[in-house]
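To start, the structure itself, in structure tokens.
Every number here is computed from the coordinates shown, using simple stated rules; none is lab data. All values derive from a computational prediction rather than experimental measurement. Here Cβ is always computed from backbone atoms with ideal geometry, including for glycine, and neighbour counts include all displayed protein chains.
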Amino acid sequence: MFNLILFGPPGSGKGTQSEKLIVKYGLKHLSTGDLLRTEIARQTQLGQEAKKIMDKGQLVPDEVVIGMISSALDENPNAKGFLFDGFPRTSAQAEALDKLLELKKAPIAVMLALAVSGEELVNRLVKRGETSGRSDDNNGNVIRARIMEYHNKTAVVADYYNQFGKVVMVKGEGSIENIFQALCHEIDIRMNAS
Ligand code: B4P
């Protein structure tokens, strides 16, 4: 089993690159953002609570997203590996994920961290907000709040994996194809070694 985390601030290209990587490597895509948006679309109680938080640009409580990831792991016992997109986003989530993967004896192989400037992030999210219908993308204050949450609570997750030497920075600006090739290069090195 090969497990990897695609990491980066909101708008860094995690969702965009994940779609391409899962096709190439046959990994199961686990995006907590997508799982939460599915709950919102189904108008479940969890979805209604999550929407209020997401519309403020804040992070949904750890126990909610950890529960969703735990269920998704249980539902896919035969997966070749998992690509975690947008998770973990706090130190508590990172520790919980490590414990869940310990049970499977399949730790995180690598965290690929997309580096994108603050200005470019805001431009991308504002642009996506024009067409996506995502209520958290069409308000500049909410976008800035998401980026603040990232700096206050999520950036430390890279420090957590860095202590195990698992973080690789990848330039997240440029063409989608060039960034994809750079990510594949890093994955291939590790997959072939495992
Ligand atoms: P997510 O769904 O994870 O959303 P995101 O970080 O905004 O998106 P992503 O980074 O994947 O966007 P992408 O770059 O692909 O989270 C949404 C909300 O859910 C959070 O704010 C939080 O409230 C909640 N949440 C999710 N997970 C959570 C967790 N674990 N704990 C707590 N709360 C959680 O796309 C951005 C845009 O850039 C796209 O329009 C794309 O086309 C464009 N783009 C991509 N690559 C580009 C490139 N190279 N050049 C130009 N444009 C590019």
### Message
Just to be sure I understand: if I project the alpha-carbon convex hull of the chain onto a plane and average over all orientations, what area do I get in nm²?
### Response
10.4
### Query
Too long at a 18 Å Cα-Cα cut-off: which of Lys127/Lys153; Lys28/Lys166; Lys24/Lys80; Lys20/Lys80; Lys28/Lys80; Lys56/Lys153?
Lys127/Lys153; Lys28/Lys166
### Query
Sequence-distant or interchain residues sharing an amide H contact under 5 Å with Asn3, placed H: which?
Phe82, Ala109
### Query
Using a basic spin-label model with each label point 7 Å from the Cα along Cα→Cβ, how many nm lie between Val156 and Thr44?
2.9
### Query
Can you give me the relative contact order of the stretch 1-84 as a percent, contacts being Cα pairs under 8 Å and 6 or more apart?
49
### Query
Using the Kyte-Doolittle scale, which helices in the chain average at least -0.5 and also have C-alpha atoms spread 18 Å or more along the helix axis, with helices defined as whole DSSP H runs?
62-75, 91-103, 176-193
### Linear extension gain, Ser194 paired with Asn123, 0.36 nm per residue minus alpha-carbon span
21.7 nm
